[in-house]
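Beneath this line is the structure, given in structure tokens, with notes to follow.
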């Protein structure tokens, strides 16, 4: 496995507007020894500005094609499916893998997510083995930078 470098370009963009869910998700990633840069975005316009490097993100280095979006299906202010639709409609962001984070009562939204181009879906609250399994099954395992020093 790879070890995190201070300038690692593989980034996880977590789109979540509930602070408790942000803390939980980041905690699960840290417990998994995932050391990717994690950027937390809490609304649709900020995500699109971030991805396109507009507004307060103007002038930053272009986002890496090796980045991954974790998108909560239960955003409060913006329908997540609309946001997924925007990401997949833009040629610059369409190739980015999008993993949806959903609760068990959002089955309809999960199915629609796949139709719109989501790479995978993980039910919240997710546990570490399920997260790793979903990422691996989606062939996104290479995106995770592990800090596990026991792996050669």
Specify the residue that is modelled with the lowest pLDDT; the eligible residues are those in region 36-57 that are under 14 Å from the mean Cα position of the chain (by Cα) and outside any helix (DSSP H, G or I). 36
Give me the pairs, please: first residue somewhere in region 1-25 and within 15 Å of residue 70 (Cβ to Cβ), second residue anywhere and modelled with pLDDT of 60 or more and in a loop (DSSP other than H, G, I, E, B), beta-carbon distance under 6 Å, and either six or more positions apart or on two chains. 10/36; 10/66; 11/67; 12/36; 17/42; 17/75; 17/76; 22/16
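Yes/no per residue for (1) assigned to a helix (DSSP H, G or I); (2) crowded, with 16+ Cβ neighbours inside 10 Å; (3) without any contact (Cβ under 8 Å) to a residue 24 or more places away in the chain; (4) within 17 Å of the chain's Cα centre (by Cα):
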{"site": "59", "(1), (2), (3), (4)": "no, no, yes, no"}
{"site": "63", "(1), (2), (3), (4)": "no, yes, no, yes"}
{"site": "69", "(1), (2), (3), (4)": "no, yes, no, yes"}
{"site": "75", "(1), (2), (3), (4)": "no, yes, no, yes"}
{"site": "84", "(1), (2), (3), (4)": "yes, yes, no, yes"}
{"site": "92", "(1), (2), (3), (4)": "no, no, no, yes"}
{"site": "101", "(1), (2), (3), (4)": "no, yes, no, yes"}
{"site": "107", "(1), (2), (3), (4)": "yes, no, yes, no"}
The residue that is modelled with the highest pLDDT, considering only those in region 1-29 that are in a helix (DSSP H, G or I) and either touching a strand residue (DSSP E or B) at 6+ places or on another chain (Cβ under 9 Å) or under 20 Å from residue 62 (Cα atoms) (or both), is 22
For region 19-55, give me each residue that is in contact with a helix residue (DSSP H, G or I) (Cβ under 7 Å, 6 or more places away or on another chain) and loosely packed, with under 14 Cβ neighbours inside 10 Å. 31, 55
With under 13 Å from residue 12 (Cβ atoms) and either at pLDDT 80 or above or in contact with a strand residue (DSSP E or B) (Cβ under 6 Å, 6 or more places away or on another chain) (or both) as the only criterion, which of 79, 97 stands out? 97
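The values are calculated or read from the model by the stated rules, or taken from the named source; none is laboratory data. The structure displayed is predicted, hence computed values, not measured ones. Here Cβ is always computed from backbone atoms with ideal geometry, including for glycine, and neighbour counts include all displayed protein chains.
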